[in-house]
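Chemist: Got a structure for you, questions after.
Each value in this text was obtained by applying a stated rule to the coordinates, not by laboratory testing. The structure presented is a predicted model; accordingly, all values stated were derived computationally and were not measured. Cβ atoms come from the backbone with ideal geometry, glycine included; neighbour counts cover every protein chain shown.
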Amino acid sequence: MSEKEEKNEMVEHLASYAHDAWTGWMKYMFSKSTRSKDGRCLVPANFVTRWHRQMTTHYVDLPEGEKESGREEARKMLDIMVEDIDFAVARKVMGVHLGRDWDLWNGYQSNIAVLLMDNTSLTHESCNTLAKLLIKLLFDAEEPKRAPVDHSQMTVTGRIFKVREVLKYARNQNDWSLGDYAGALEEIEDILCVSEVEEVLEPE
């Protein structure tokens, strides 16, 4: 969402509140009035006097109780603005981080894809594609390039943990293609710093 679209969205939220506030005021005014058969409304003199005094008095000169009524309306509008601004700021900050950190991006993409797979009949590939699109739309971010990892510097325990991650992910997929399988094997080979582990992984 662009800055202009975000501003327009805030305007719509404030306009909606302004309409609701006006509606509430009109309901209150009519509740104090008497409607005649010809459709005219008669406002009691005491309310006419009060409302006329209020509309011709500057805010700073109003009694404290009437000032508080105005403050309450201001707080409601401020809450709307702060909520919209907080979301916009958080969205921009998150978008920047996602566009720089492949691991963060991959974590979000994986979680969204899993939710889609659990709740739809889409394939694994379709869920991943849709997850990427959702991240781009929600955070206005582009997928970063994955930085190369030197697994040769990892401890044996670290390598085992990474292999388990790959195998666990593979076990949960029901629609892997040969390309997916080959990619998993290459990743495990890279982690173990060896070659041709396929014979070890394939069942006898």
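Chemist: Assign one of three labels to the stretch 10-74, namely rounded, prolate or oblate, based on the Cα gyration tensor with a ≥ b ≥ c the square roots of its eigenvalues; rounded applies when a/c is under 1.5, prolate when it is not and a/b is larger than b/c, and oblate otherwise.
Modeler: Since a/c reaches 1.5 but b/c is at least a/b, the shape of the stretch 10-74 is classed as oblate.
Chemist: Please compute the net charge surrounding Ser33, taking Lys and Arg as +1 and Asp and Glu as -1 over other residues with Cβ under 13 Å from its Cβ.
Modeler: Every neighbour counted, the sum reads +4.
Chemist: Estimate the FRET efficiency between Lys4 and Ser121 by the formula 1/(1 + (r/R0)^6), using the beta-carbon distance for r and 41 Å for R0, to the nearest 0.05.
Modeler: 0.60
Chemist: Evaluate the distance, in nm, between pseudo-label points positioned 7 Å from the Cα of Val93 and of Glu12 along their respective Cα→Cβ axes.
Modeler: 2.6 nm
Chemist: Say R0 is 35 Å: what FRET efficiency, to the nearest 0.05, do Glu68 and His19 get from their beta-carbon distance?
Modeler: About 0.95, to the nearest 0.05.
Chemist: Less than 24 Å apart at the alpha-carbon level, and either on another chain or at least 8 residues along: which lysines does that give for Lys37?
Modeler: Lys27
Chemist: Continuing with the same structure: Checking the table Lys32/Lys76; Lys32/Lys67; Lys7/Lys32 against a 32 Å threshold on Cα-Cα, which pairs fail?
Modeler: Where the Cα-Cα span goes over 32 Å, the pairs concerned are Lys7/Lys32.
Chemist: Mind checking which lysines have their Cα closer than 26 Å to the Cα of Lys145? Skip sequence neighbours fewer than 8 apart in that chain.
Modeler: Once the sequence-local lysines are set aside, what remains near Lys145 is Lys92, Lys132, Lys136, Lys162, Lys168.
Chemist: HN-Hα J couplings of the stretch 124-133 from phi, Karplus 6.51/-1.76/1.60, θ = phi - 60°, integer Hz, Gly and Pro as x?
Modeler: 4, 5, 5, 5, 5, 5, 5, 4, 4, 5
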